[in-house]
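I'd like to ask some things about the structure below.
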Amino acid sequence: QVRLAESGGGLVQAGGSLRLSCAASGRTFSGYAIGWFRQAPGKEREFVATISWTGGSTVYADSVKGRFTISRDNAKNTVYLQMNSLKPEDTAGYYCGSSVSLHVTPTLYNYWGQGTQVTVSS
């Protein structure tokens, strides 16, 4: 079983930046794609970005393209989400999940972390 733990969330002003981390423990996420999703209160979990096992392929939601960058360091069993030019509408709990391939649908991810809160003030 892969255990995932997100960190790096916080409160930031609009236009600011944050870097989220998703660290794996237990069985590593060797061979897995990792995705970032977000969920605001009363809303469904929304796709943000995903990265292949090698890091050679990435997919972004249109709403974050050009502002967010996903990357991974497999030696550290960690995936990052660099978030720049943050907007109040980016406010949500951010979750990372593992999947066998690049997917934008959360139901195709089999392991999830507990999430980290990102709040962007206007």
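The values are calculated or read from the model by the stated rules, or taken from the named source; none is laboratory data. Everything numeric in this text was worked out from a predicted model, so none of it was measured. Cβ sites come from the backbone with ideal geometry, for glycine too, and all protein chains shown count toward neighbours. Please note that ligands, DNA and RNA were not included when accessible areas were found on the heavy atoms of the full protein model with its side chains. Shrake-Rupley method; radii C 1.70, N 1.55, O 1.52, S 1.80 Å.
Confirm whether Ile51 is among the hydrophobic types (A, V, I, L, M, F, W, C) and touching a Cys at 6+ places or on another chain (Cβ under 8 Å).
Judged against the criteria, Ile51 is not a match.
Taking region 59-81 on its own, how many of its residues are open to solvent by 60 Å² or more (accessible area, probe 1.4 Å) and either among the small types (Gly, Ala, Ser) or closer than 19 Å to Glu6 by Cβ (or both)?
4
Still on this structure, I have one more. Being in a strand (DSSP E or B) and either at pLDDT below 95 or closer than 11 Å to Gly97 by Cβ (or both) is the filter here; which residues of region 24-47 pass it? I'd like the intermediate steps shown before the answer.
Looking only at region 24-47, we keep the residues that are in a strand (DSSP E or B), and these are 24-26, 33-39, 46-47.
Matches in region 24-47: Ala24, Ser25, Gly26, Ala33, Ile34, Gly35, Trp36, Phe37, Phe47.
In region 41-57, how many are closer than 23 Å to Val12 by Cβ and open to solvent by 50 Å² or more (accessible area, probe 1.4 Å)?
5
Here are some conditions: (1) modelled with pLDDT of 95 or more; (2) under 18 Å from Arg3 (Cβ atoms); (3) not acidic (Asp, Glu). Val100 meets all but one. Which one does it not meet?
Answer for Val100: the failing condition is (1).
Among the residues of region 107-114, is any assigned to a helix (DSSP H, G or I), out of contact with any Lys or Arg (no Cβ under 7 Å at 6 or more places or on another chain) and under 15 Å from Ile70 (Cβ atoms)?
no
Leu102: over 18 Å from Gly42 (Cα atoms), part of a loop (DSSP other than H, G, I, E, B) and not hydroxyl-bearing (Ser, Thr, Tyr), yes or no? Break it down stepwise before answering.
Numbers: over 18 Å from Gly42 (Cα atoms): yes; part of a loop (DSSP other than H, G, I, E, B): yes; not hydroxyl-bearing (Ser, Thr, Tyr): yes.
In short, yes.
Yes/no matrix, rows are residues, columns are (1) within 13 Å of the chain's Cα centre (by Cα); (2) open to solvent by 40 Å² or more (accessible area, probe 1.4 Å); (3) without any contact (Cβ under 8 Å) to a residue 60 or more places away in the chain:
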residue: Met83; (1), (2), (3): yes, no, no
residue: Leu86; (1), (2), (3): no, no, no
residue: Gly97; (1), (2), (3): yes, no, no
residue: Val100; (1), (2), (3): no, yes, no
residue: His103; (1), (2), (3): yes, yes, no
residue: Leu108; (1), (2), (3): no, yes, yes
residue: Gln114; (1), (2), (3): yes, yes, no
residue: Gln117; (1), (2), (3): yes, yes, no
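Filter region 48-77 for residues that are β-branched (Val, Ile, Thr) and part of a strand (DSSP E or B); which is nearest to Gly115 (Cα to Cα)? I'd like the intermediate steps shown before the answer.
Of all residues in region 48-77, those β-branched (Val, Ile, Thr) come to 48, 50-51, 54, 58-59, 64, 69-70.
Adding the requirement that they be part of a strand (DSSP E or B) leaves 48, 50-51, 58-59, 69-70.
Details: Val48: 14, Thr50: 16, Ile51: 18, Thr58: 21, Val59: 20, Thr69: 18, Ile70: 16 Å.
Selected residue: Val48.
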